[in-house]
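Chemist: Here's a structure for you.
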Amino acid sequence: MSTVRRPDHRSAHRSARAAHAPGLRHVLTHLVTPLLMCIGMGLAYLGAFAHPAPHHLPVAVVGSGRSAQLLAQSINDKAGGDLEVRTVGDRAAAVDRLTHQDIFGAYVIPVQRAQGETGASDAADASGPKGTSSGAGGPGEAGSFSDSGGSSTSSGAAGREGSGGAARPRKPVPELLVATAGSDTSATVVQKVFTPIAAQQGAPLKVTDVAPTAEDDPTGQGIFFLLVAISIGSYASVAVIGGAGAVLPLRLRTALAIGTSFVVGLIGTAFAGPVFHLVDDGLGGLWGMAWLYSAGVLLIGTGLHTFLKRWTTLGVMTLFVMLNFTSSGGIFRPEMQNGFFAALHSFWNGAGFVEGVRSHVYFDGYGLAGHVWTLVGWLVAGLVVIGVAALAEKRRRTAEAEATAHAAAVAAAAVTATVPEPARSGRPAGSAEPGAGRGSANAAVALEEELDEAVGV
C-alpha cells in the first residue's frame, strides 16, 4: 500500500519569505526617507514655534524727562533680558523707528493738559494716512485721543465744560504705538507688556497701529503662506526635473528650472494680488522677488540631484522647509525665537522673501535692497551648484566612456585569444597546441574579471 506524502508547509513558507525578502528590504530602505522627514519636521517646527518668547525685543518709552528714563529702567529690570527698552524723545521719532523696524512698540507717557488746549500738535503726530487707533470705548479716528468714556476728536478742543467756561483738567491717556505689518505676534506681545503699566496709571491703553496690514490680510501672515505655496511649487518641481529629466543634459535641465521659476513667480503673484488681495499694490516688485526666490530653490535642487539622487527630496525639504519656513519671520520674528533660528533669519532665503515683501509693500522700501541681495545671493549659490554638478557629470561621462572602451578592448583581446590560428609547425589545422584549453579558460576568467571591474567603475 503506497503512502501519500504531504507537502512540507514550513519549507513552503520559508521559500515564500525568501522570495519576498529582497522586495521587503527595498521598501524598508526607501521608508527611511519619510521617517527622517518626520523627525526633521518635528524638530524644526516644534523647536521654532512651540515656546515663543521675546529675546531682547526692542521697544521704547516716549519721553525726555526723568520719569521716562525711570520707567524704561524699571521695565528692563523686570523683563530680565526679554525686552530691550530705550527712550525716544517724542512721538514722531517713535513712529519713524517703528516704520524702520528698529523697535516694535512705543509707549507714550500721558501728559496732563487742560481740555481747552488745542491739540494740533497731537493731530500732526497721529499715525498718518495708514494709522489706526482704538480706545476703551471702541475704534477711534487716526491720531485721536480717547479717554475712559470713549473717543474724542483729534484736535482735543471739545469745548469748555462747566459754568464760566473754565478749563477742566483732562485725564491723561497712555498710548501704545505698534506696527502690525512688521509682525502681528510681536505687536501682541508688546501690548501684553504695556497694558498692565497703563492699568497702574488708572487709564485704559489706547493702541495705535502706524503700519497696518492689508484689509484682506489682518494678521499679516498671508505673506508667509504665500512663501509656503511658492516653495512647494519650486522644490516639488526639482523632483520632476531631476527624475524625469535625468536623461537630458544639465543645460536643458537648468533652462527648465529657470522657466519653471518664472511660472511659479507668476502663480504666486496672482495669489497675492487678484485672487486673495494680500497685497494692494507693488505686484511687479513682488513677482521679481518671487522669481528670484523660486529660481534659487530650483537651481540648487537641480544641481544637488546630481549628487544626492533619491535623497534629493530630503535634502531640499531640509533646506527649504525645515530650516526655511521656521526662520522666515512669517509667524514669529527672530526676536521671538531661540538663537539658532534667529541667526538663520539674517541670511536665509525665506526670510529674504518675507522681509523683502513687507518692506516693499508696507514700509516704503526701507531695507529692501538688503533683502533683495539675500535672494540674489541664493540665486548665485544655485548657479555655483549647477556649475559643480556640470563638472561632476562631465567627469562621470568621461570615466564611463573610458571604462566602456577598456571593456571592449579586453573583450576583443579575449576573442582573439580563443579563435584558433592556422596550423603551424606542421600540425593539422584542427589540432590544438598543448595547454590551449587551459589558456582559453584563463582568458575567459580574465575577461569576466575585467567586465566586473568596468561595471564597478
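The values are calculated or read from the model by the stated rules, or taken from the named source; none is laboratory data. Given the structure is predicted, the values throughout are model-derived calculations rather than measurements. All Cβ positions, glycine included, derive from the backbone under ideal geometry; neighbour counts span all protein chains shown. Keep in mind that these areas ignore ligands, DNA and RNA; they rest on the heavy atoms of the full protein, side chains included. Shrake-Rupley method; radii C 1.70, N 1.55, O 1.52, S 1.80 Å.
Chemist: Residues being over 16 Å from Ala60 (Cα atoms) and open to solvent by less than 10 Å² (accessible area, probe 1.4 Å): count how many of those fall in the stretch 183-202.
Modeler: Going through the stretch 183-202 one residue at a time, the tally reaches 1.
Chemist: Right, another one. If you take the residues in the stretch 65-112 that are over 35 Å from the mean Cα position of the chain (by Cα), in contact (Cβ under 8 Å) with a residue 40 or more places away in the chain and open to solvent by 60 Å² or more (accessible area, probe 1.4 Å), which one is nearest to Phe332 (Cα to Cα)?
Modeler: So, considering only residues that are over 35 Å from the mean Cα position of the chain (by Cα), in contact (Cβ under 8 Å) with a residue 40 or more places away in the chain and open to solvent by 60 Å² or more (accessible area, probe 1.4 Å), the one nearest to Phe332 (Cα to Cα) is Ser67.
Chemist: Would you be able to tell me the number of residues in the stretch 222-242 that are touching a residue at least 60 places away in the same chain (Cβ under 8 Å), over 21 Å from Val275 (Cα atoms) and open to solvent by 20 Å² or more (accessible area, probe 1.4 Å)?
Modeler: The total comes to 3.
Chemist: Continuing with this model, one more query. Yes or no: Thr219 surrounded by fewer than 18 Cβ atoms within 10 Å (Cβ to Cβ) and touching a helix residue (DSSP H, G or I) at 6+ places or on another chain (Cβ under 6 Å)?
Modeler: yes
Chemist: OK, next. So, Phe340, is that one in a loop (DSSP other than H, G, I, E, B) and either at pLDDT below 95 or open to solvent by 40 Å² or more (accessible area, probe 1.4 Å) (or both) or not?
Modeler: Answer is no for this residue.
Chemist: For Leu176, state whether it is modelled with pLDDT of 95 or more, in contact with a helix residue (DSSP H, G or I) (Cβ under 7 Å, 6 or more places away or on another chain) and either polar (S, T, N, Q) or more than 28 Å from Pro274 (Cα to Cα) (or both).
Modeler: yes
Chemist: Being among the small types (Gly, Ala, Ser), farther than 18 Å from Ala295 by Cα and part of a helix (DSSP H, G or I) is the filter here, so list the residues in the stretch 346-368 that pass it.
Modeler: Hit for the stretch 346-368 is Ser359, nothing else.
Chemist: Could you figure out which of (1) part of a helix (DSSP H, G or I); (2) open to solvent by less than 40 Å² (accessible area, probe 1.4 Å) isn't true of Leu278?
Modeler: In the conditions (1) part of a helix (DSSP H, G or I); (2) open to solvent by less than 40 Å² (accessible area, probe 1.4 Å), Leu278 misses (1) alone.
Chemist: Check the stretch 293-315 and report whether any residue there is open to solvent by less than 20 Å² (accessible area, probe 1.4 Å), part of a helix (DSSP H, G or I) and over 18 Å from Gly382 (Cβ atoms).
Modeler: The answer is no; no qualifying residue exists.
Chemist: Let me ask something else about it. Quick check: is even one residue across the stretch 305-321 of a type outside the set (A, V, I, L, M) and within 30 Å of Gln101 (Cβ to Cβ)?
Modeler: Taking every residue of the stretch 305-321 in turn, at least one turns out to be of a type outside the set (A, V, I, L, M) and within 30 Å of Gln101 (Cβ to Cβ).
Chemist: Looking at Leu286, is it within 19 Å of Val384 (Cβ to Cβ) and surrounded by 14 or more Cβ atoms within 10 Å (Cβ to Cβ)?
Modeler: No, not satisfied.
Chemist: Next question, about the same structure. Quick check on this structure: which one of Val388, Val376, Val415 is of a type in the set (Val, Ile, Thr) and under 18 Å from Thr312 (Cα atoms)?
Modeler: Val388
Chemist: Next question. Does Trp348 qualify as being in contact with a helix residue (DSSP H, G or I) (Cβ under 9 Å, 6 or more places away or on another chain), within 30 Å of His26 (Cα to Cα) and aromatic (Phe, Trp, Tyr)?
Modeler: No; evaluated as a whole, the condition is false for this residue.
Chemist: Which of the residues spanning the stretch 22-64 are more than 33 Å from the chain's Cα centre (by Cα), among the aliphatic types (A, V, I, L, M) and farther than 24 Å from Glu335 by Cβ?
Modeler: Passing the criteria: only Leu24.
Chemist: When you go through Ala50, Ala72 one by one, which is the residue that is over 30 Å from Pro172 (Cβ atoms) and small (Gly, Ala, Ser)?
Modeler: The unique qualifying residue is Ala50.
Chemist: Sticking with this one: What tally of residues in the stretch 34-64 results from selecting those that are surrounded by fewer than 14 Cβ atoms within 10 Å (Cβ to Cβ) and assigned to a helix (DSSP H, G or I)?
Modeler: Counting residues in the stretch 34-64 that are surrounded by fewer than 14 Cβ atoms within 10 Å (Cβ to Cβ) and assigned to a helix (DSSP H, G or I) gives 7.
Chemist: Run Glu117 past the list (1) outside any helix (DSSP H, G or I); (2) at pLDDT below 95; (3) open to solvent by less than 50 Å² (accessible area, probe 1.4 Å) and report the number of the one that doesn't hold.
Modeler: It fails just one condition, (3).
Chemist: Restrict the check to the stretch 387-404 and report whether at least one residue is in a helix (DSSP H, G or I), under 30 Å from Val95 (Cα atoms), in contact (Cβ under 8 Å) with a residue 60 or more places away in the chain and of a type in the set (A, V, I, L, M, F, W, C).
Modeler: Looking through the stretch 387-404, none of the residues is in a helix (DSSP H, G or I), under 30 Å from Val95 (Cα atoms), in contact (Cβ under 8 Å) with a residue 60 or more places away in the chain and of a type in the set (A, V, I, L, M, F, W, C).
Here's the yes/no breakdown for (1) modelled with pLDDT of 95 or more; (2) over 19 Å from Val357 (Cα atoms); (3) not small (Gly, Ala, Ser):
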{"site": "Glu215", "(1), (2), (3)": "no, no, yes"}
{"site": "Thr219", "(1), (2), (3)": "no, no, yes"}
{"site": "Leu226", "(1), (2), (3)": "yes, no, yes"}
{"site": "Ile230", "(1), (2), (3)": "yes, no, yes"}
{"site": "Ala239", "(1), (2), (3)": "no, yes, no"}
{"site": "Ala255", "(1), (2), (3)": "yes, yes, no"}
{"site": "Ile258", "(1), (2), (3)": "yes, yes, yes"}
{"site": "Val263", "(1), (2), (3)": "yes, no, yes"}
